[in-house]
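Each remark here refers to the structure printed beneath this line.
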Amino acid sequence: MDLKERKELERSLEAVLFAAGEPVPVERLCLGLETDRPSIDAAAKKLMDRYKYDRRGIRLVRLDTSYQLCSAPEYAAQVRKTLESRRPPKLSPPALEVLAVIAYFQPVTRAYVDQVRGVDSSYTVGLLLERELIQESGRLPVPGRPILYKTTKNFLRCFGLNGLDDLPPLPDLPREGEQAVQALEQAMEELQEEPEI
């Protein structure tokens, strides 16, 4: 691919991601832009570097196997102030607890979340589903077939993570009881430096 073709691919990628407004899977980009994955990855890397170097107001981020354009973190205050009426309220401590349990131990059932927290979590699970921070991921193959939950790409985007491997490590504690909940809360507080939720 010559320089002219690479520049054209970068511009096309930028236009598609801007128009999408949400993460676009690499496979879809390859099909739509009629190129291979290494070319898409190279064009995305070039755009990422350019946005950072030029200190632009936008960033190109990679979320697992997708790419998305988003605002630069250093302009979060301006974005928040300007669009505050559109922004839903921050997550409550119970919602953060439930989200932490699901994020670290996924896929899990609501009963497991209840067991770790020691209280009923049905309302909070419903709230997290509504905000698209978690999603159903099948059913546990036991009597009653309870629903399993896992985090979404929206969760990764809101907390500024590229993948679940970017979650802060948990100390070696039992997965049940008050200590585990405190460790999960602490880990999620580290992440919740004003996430865009």
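The values are calculated or read from the model by the stated rules, or taken from the named source; none is laboratory data. All values derive from a computational prediction rather than experimental measurement. Glycine gets a Cβ as well: all are built from the backbone with ideal geometry, and neighbour counts include every protein chain shown. Just so you know, the surface numbers come from the protein's heavy atoms only, side chains and all, with ligands and any DNA or RNA stripped out. Shrake-Rupley method; radii C 1.70, N 1.55, O 1.52, S 1.80 Å.
Here residue 5 meets the list (1) in contact with a Cys (Cβ under 9 Å, 6 or more places away or on another chain); (2) not in a strand (DSSP E or B) almost entirely, failing just condition (1).
Restricting to the range 63-84, what's the tally of residues that are farther than 17 Å from residue 154 by Cβ and touching a helix residue (DSSP H, G or I) at 6+ places or on another chain (Cβ under 8 Å)? Here the count works out to 1.
Of the numbered criteria (1) in a helix (DSSP H, G or I); (2) surrounded by 11 or more Cβ atoms within 10 Å (Cβ to Cβ), the one residue 38 fails is (2). Taking the range 69-110 as the range and being among the basic types (Lys, Arg) and either out of contact with any Pro (no Cβ under 9 Å at 6 or more places or on another chain) or at pLDDT 85 or above (or both) as the test, the residues that pass are 80, 81, 86, 87, 110.
Do the conditions hold for residue 66, that is, is it more than 18 Å from the chain's Cα centre (by Cα) and either at pLDDT 90 or above or surrounded by 13 or more Cβ atoms within 10 Å (Cβ to Cβ) (or both)? Step through it out loud before you land on a result.
Numbers: more than 18 Å from the chain's Cα centre (by Cα): no; either at pLDDT 90 or above or surrounded by 13 or more Cβ atoms within 10 Å (Cβ to Cβ) (or both): yes.
Criteria not met by residue 66.
In summary, residue 120 fulfils each of the numbered conditions (1) farther than 22 Å from residue 162 by Cβ; (2) part of a helix (DSSP H, G or I) with the single exception of condition (2).
Which members of the range 116-130 meet the condition of being at pLDDT below 90 and either among the hydroxyl-bearing types (Ser, Thr, Tyr) or open to solvent by 50 Å² or more (accessible area, probe 1.4 Å) (or both)?
Of the range 116-130, the ones at pLDDT below 90 are 116-118.
Scanning the range 116-130 gives a single hit, 118.
The single condition among (1) loosely packed, with under 13 Cβ neighbours inside 10 Å; (2) within 21 Å of residue 164 (Cα to Cα) that residue 110 does not meet is (1).
Taking the condition among the aliphatic types (A, V, I, L, M), in contact with an Asp or Glu (Cβ under 7 Å, 6 or more places away or on another chain) and either loosely packed, with under 14 Cβ neighbours inside 10 Å or under 22 Å from residue 11 (Cβ atoms) (or both), does residue 47 pass? Criteria met by residue 47.
Within the range 158-171, residues that are more than 20 Å from residue 60 (Cβ to Cβ) reach partners that are of a type in the set (D, E, K, R) with beta carbons closer than 7 Å, at six or more positions or on different chains, in the pairs 168/190.
Criterion applied to 156, 133, 140, 148 was being at pLDDT 80 or above and either on the phi > 0 side of the Ramachandran plot or touching a Lys or Arg at 6+ places or on another chain (Cβ under 7 Å) (or both), and the one residue passing it is 148.
Checked against the criteria, residue 60 counts as under 21 Å from residue 154 (Cα atoms) and touching a helix residue (DSSP H, G or I) at 6+ places or on another chain (Cβ under 7 Å).
Please go through the range 1-32 and give me each residue that is in contact (Cβ under 8 Å) with a residue 12 or more places away in the chain, open to solvent by 40 Å² or more (accessible area, probe 1.4 Å) and over 26 Å from residue 160 (Cβ atoms), ordered by number. Answer for the range 1-32, where residues must be in contact (Cβ under 8 Å) with a residue 12 or more places away in the chain, open to solvent by 40 Å² or more (accessible area, probe 1.4 Å) and over 26 Å from residue 160 (Cβ atoms): 1, 6, 32.
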